[in-house]
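Everything below concerns the one structure shown next.
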Amino acid sequence: MSYNVDSTQYIAGSLQIHRNDVLRFVDEIGEPRGDNLAESCFLEGLDLDEPPSDGWYDIKRPSWSGVWSGKGFDTFKELLQATRGAADILVTWEGGDSIEGIRVVDGELIDVELQFVLTLKGEPAPRTLPKSRMELLMETE
């Protein structure tokens, strides 16, 4: 019996993935659903027949959980390496036994240490997420 992921969610930021990268990945595994994909995977919600005009899909929720999510966790990381943008993702493993964080900046996975911080109600948590290349470009325009 494998150890699976219960949930994944954004802590901060957001990511996008290009249609060509999704198609390349689907070609490599031979089908859109396979043993390398978790039961709940963010690729499922993408309409490959009618992509956005620029080809970039917004990953509204970086879902990766359920059956096969543990054994296929490296596949999740490979998919994140094909993204642009910057995000911190919280990963809760089965039963809440382990919680880890993944930081992604323009496809680069950065080792992080997860720390819990208490803030006053209504006060935002401090933003420590680095800016993506896209955000930096938008600032200069």
Within the group L43, L37, which residue is aliphatic (A, V, I, L, M), assigned to a loop (DSSP other than H, G, I, E, B), under 15 Å from the mean Cα position of the chain (by Cα) and closer than 21 Å to L90 by Cα? L37
Taking region 98-126, which residues are in a strand (DSSP E or B) and of a type in the set (A, V, I, L, M, F, W, C)? I99, I102, V104, V105, L109, I110
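Taking T119 as the residue in question, decide whether it is over 23 Å from E135 (Cα atoms) and either among the polar types (S, T, N, Q) or in contact with a Ser or Thr (Cβ under 6 Å, 6 or more places away or on another chain) (or both).
On the way: over 23 Å from E135 (Cα atoms): yes; either among the polar types (S, T, N, Q) or in contact with a Ser or Thr (Cβ under 6 Å, 6 or more places away or on another chain) (or both): yes.
When the stated conditions are applied, T119 passes them.
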Determine whether region 96-103 contains at least one residue that is of a type in the set (A, V, I, L, M) and at pLDDT 95 or above. yes
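Scan L109, L79, L15, L114 and give me the residue that is of a type in the set (A, V, I, L, M, F, W, C), closer than 24 Å to L136 by Cβ and touching a strand residue (DSSP E or B) at 6+ places or on another chain (Cβ under 6 Å).
Numbers: L109 fails: touching a strand residue (DSSP E or B) at 6+ places or on another chain (Cβ under 6 Å); L79 fails: touching a strand residue (DSSP E or B) at 6+ places or on another chain (Cβ under 6 Å); L114 fails: closer than 24 Å to L136 by Cβ.
Going through L109, L79, L15, L114 in turn, the sole match is L15.
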Please name all residue pairs, on different chains or six or more residues apart, with Cβ atoms under 8 Å, provided the first residue is in region 6-20 and is free of Cβ contacts under 8 Å to residues at least 40 places away in the same chain and assigned to a strand (DSSP E or B) and the second residue is β-branched (V, I, T) and crowded, with 18+ Cβ neighbours inside 10 Å. none
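The values are calculated or read from the model by the stated rules, or taken from the named source; none is laboratory data. Bear in mind that the values here come from a model prediction, so they are computed numbers and not experimental data. Quick reminder, even Gly has a Cβ in these numbers, built from the backbone with ideal geometry, and neighbours come from all protein chains shown.
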